[in-house]
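Notes follow the structure.
Values quoted throughout were computed directly from the atomic coordinates according to the rules given, and no laboratory measurement underlies them. Treat the numbers as computed from the prediction; the structure is a model and nothing was measured. Neighbour counts run over all protein chains shown; Cβ positions are idealised from the backbone, glycine included.
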Amino acid sequence: MSAQPFDYRLDGIYRQRQEGSFMQRVKLPAGVISAEQARAVADVSLRFGHGTIHLTTRGSIEIHWLKESDLPEVKRALSKVGLTTRGACGGAVRGITCSSQGAAGFPALETMARRLQRHFAGNPRFERLPKKFKIGVEADNAGRRHLIQDVGLVFAGNDTEGSRFDMYLGGGLGREPQAGFLFETAVNEKRIIPLIEAVARVYAVHTPPGKRVKHLVREIGEAEFRRRVSMEPSFAEELPAIAGLPETLAPAAGNRRIEVCFFGGFLSALQLKELADFADELADGVLMATANQDIALHISSASDFAGASSALRQAGFELGGTTFRICPGSHLCRVGLSPTSDIAGTIIDAMGPAAKALTWAFSGCHNSCAQPQLADAGIVSSTLVKDEQGERSPRFDLYRLGDQGLGGVVAPSLTLDELCSKVREIG
């Protein structure tokens, strides 16, 4: 094949740690996927991979263990059911994330996420950016996920002109976590896309390769960043209102929500197919990949909620439990410093009741894909240290979340034994 690795990334493809194996990421607007699409993802995994699925903290789906020669057919199979992978990796506008799927106003959030994905996915004006460009749409500020996006949109209500959103800019995690700042309040939905275009153009022109929007904001300051964005032609533009039938797939949100939990976001393709069958029967044919790496179903009013929960448990699915977000780590990722799933099991064994009541997140490197700065307790594999025999073992930074902003390091460079001791102290 003639494509270069950079082009692979724009098609949502990364090379795995294992030589000759690739990962394909699939973008789901607001994490929503139809039962038919879920079966197509499962079929691709069964046919071309090892029959495993990975759910990310941004509500995307990853298929691992693909061979290079199979990648065109993988893309074709996903495209047949309307799934896109374009921009799921690399310097492009990534998948539009949402952790507020259970909110009463979720239809407006899903609608916005779909419009943004439709506009930016595969748009050559917004590809080959200096680095990834992340957008999140949320119902409120409670989960703080708006703070880690290049563009964070928080629902601010409806009026006669449509939905409005507070816009936050310049957030991100990684080695230099930075909370986004409030750029403008109550932005009318007709201005959202033009404003994001203005931000992306300023970013593309003024930022060196490998840097995020947060780096530009830090370098030139918030006031100068605002000025440059305001000088862009699209800054004050309003697009025509979109009229037509509703675009949402998800049934009405509410209390009739079931979350099926998967350790580290890993499930089998056969489990995904089984959940697609449950979705057809109980949830209007829709599943949702959550920001906690689980699968949620909104049980329709015509279905028996208690019976649905019981049926899922009888099928072997786990409902509830300790929230523990985990990246693939050195099991699969080329930059992972530790085998995250194995170590997470050791950490869970060290937990007392108070620790189990917290939310946890564990990242195998400073990229912080598991979002440890947003969990009650977060862990980052920060480095590898050689012992006297020349063997390398990971060290861990422990984060705790405060009353506002992002979580900070409370205990750096811990051995695994020291980390487990800290976990026991929580109780």
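Taking strands (runs of 3 or more DSSP E) as the structural unit, those lying wholly within the range 46-164 and holding at least 3 residues that are farther than 18 Å from residue 287 by Cα and touching a residue at least 12 places away in the same chain (Cβ under 8 Å) correspond to 61-66, 135-138, 151-159. Contact map, the range 339-355: residues that are closer than 16 Å to residue 395 by Cβ paired with residues that are of a type in the set (Ser, Thr, Tyr), Cβ distance under 8 Å, separation 6+ or inter-chain. Pairs shown: 339/330; 340/330; 340/363; 340/381.
For the range 162-221, filtered to residues that are within 28 Å of residue 408 (Cβ to Cβ) and among the β-branched types (Val, Ile, Thr), the residue that is surrounded by the most Cβ atoms within 10 Å (Cβ to Cβ) is 213.
Only one entry of 58, 86 meets the criterion of being of a type in the set (Lys, Arg) and farther than 25 Å from residue 362 by Cα, and that entry is 86. Scanning the range 81-108 for residues that are under 20 Å from residue 37 (Cβ atoms), surrounded by 20 or more Cβ atoms within 10 Å (Cβ to Cβ) and over 15 Å from the mean Cα position of the chain (by Cα) yields 83, 84, 86, 106.
Go through the residues of the range 145-159 one by one and say whether even a single one is buried (at least 18 other Cβ atoms within 10 Å of the Cβ), within 22 Å of residue 28 (Cβ to Cβ), in contact with a Ser or Thr (Cβ under 8 Å, 6 or more places away or on another chain) and of a type in the set (D, E, K, R). Checked the range 145-159: at least one residue is buried (at least 18 other Cβ atoms within 10 Å of the Cβ), within 22 Å of residue 28 (Cβ to Cβ), in contact with a Ser or Thr (Cβ under 8 Å, 6 or more places away or on another chain) and of a type in the set (D, E, K, R).
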